[in-house]
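The values are calculated or read from the model by the stated rules, or taken from the named source; none is laboratory data. All values derive from a computational prediction rather than experimental measurement. Virtual Cβ from ideal backbone geometry, glycine too; neighbours counted across all protein chains shown. All accessible areas refer to the heavy atoms of the entire protein, side chains included, with ligands and DNA or RNA removed. Shrake-Rupley method; radii C 1.70, N 1.55, O 1.52, S 1.80 Å.
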Amino acid sequence: MVVRLRILVLGLFLAGLVLVGHSLWQNQRRARLVGLTDTACTPAGRSVTGSDYDDWGGLCFYRTSNAALRREGLHPDVVMIGDSITMGWPTLGTQVVNRGIGGQTSSQILLRFRQDSLDLGPRIIHLLLGSNDVFGLTGPVTLDQIDGNVRTMAEQARLHGAVLIVGTLPPSKGFGRLFEADPTPAIDRVNARLRQIARQQGLILADYHAALVRPDGSIREDLFVDGVHPNAAGYAAMQPIFRTALSQAELRRRQIAAQ
């Protein structure tokens, strides 16, 4: 019994040494890779350190795809940038480029807005964000912070000659006990602010929220996979809103060009 106990203790001790050694090796390896570098990302779209924490904004995710577009001299008519709801959007043709990343908040999208939209030279940018801010996926956030992020992207788009479409947040039942049980009040507050920004900044508003709720304001659960992400029928209900917004944005672009 004593021998077995000694063997067990020795085994645990050796396992602990291995874990500590591996952790030290990882830290030393990371220390050699962080900081100013000419190669921050792998071709697979991750940080060269192997840690997603070292690419908080998701700048590596589309870097290879963006470089390929530039090499070919291609400039999409429309860039769609946002979170998983954008990422899951059905294919819309060769002139529409999708730059959605699941789980991102408005601050992360702002961080990669130049790289993943402006630098691609689109005529129209479609921005759909805010759900993950409401769920707090990157921590506490105020309505004014979301407001500032959206206004900054609107200003940047204008400076680059692109017309910006801003979508309202779809309704949601949330993620159960992980977050606030009923996100509806917060979503309503964000959408009210997005509508205000669109009016003040002269942006095109795509009101997806209105297309995905019942007359009493409750979520149409038949249009969602999990109470958060639209299913095929949900995206089909959003498409007419999207097409109308694109037509309005194209008209706005022609008006600006004629001035």
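One table, with the values for the structure above:
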item	result
At R0 = 51 Å, FRET efficiency that the Cβ-Cβ distance of R114 and D216 yields, to 0.05	0.80
Relative contact order for region 125-259, counting Cα pairs under 8 Å that sit 6 or more residues apart, in percent	25 percent
R0 of 22 Å, Cβ-Cβ distance A192-S84: FRET efficiency to nearest 0.05	0.45
Length released on extending from H75 to Q255, taking residue separation times 0.36 nm less the Cα-Cα span	62.7 nm
Protein accessible area in region 118-186, 1.4 Å probe - carbon and sulfur %	54 percent
Built amide H within the under 5 Å cut-off of V97, gap 5+	V78, V79, M80
Shape box of region 84-138 [Cα atoms, principal axes, largest first, Å]	33, 23, 13
Accessible area in the full protein assembly, largest first, 1.4 Å probe, for L159, L194	L159, L194
Extension reserve of the T244-D147 stretch, reckoned as 0.36 nm per residue once the Cα distance is removed	32.5 nm
FRET efficiency, 1/(1 + (r/R0)^6) with R0 45 Å, evaluated for L12 and T64 via beta carbons	0.55
Between region 50-69 and region 213-259, the Cα center-to-center distance that results, in Å	28 Å
Net charge dipole size for region 135-259 [Lys, Arg +1 and Asp, Glu -1 on Cβ; Debye, nearest 20]	500 debye
Computed lengthening from A232 to T42, 0.36 nm per intervening residue step minus Cα-Cα distance	65.1 nm
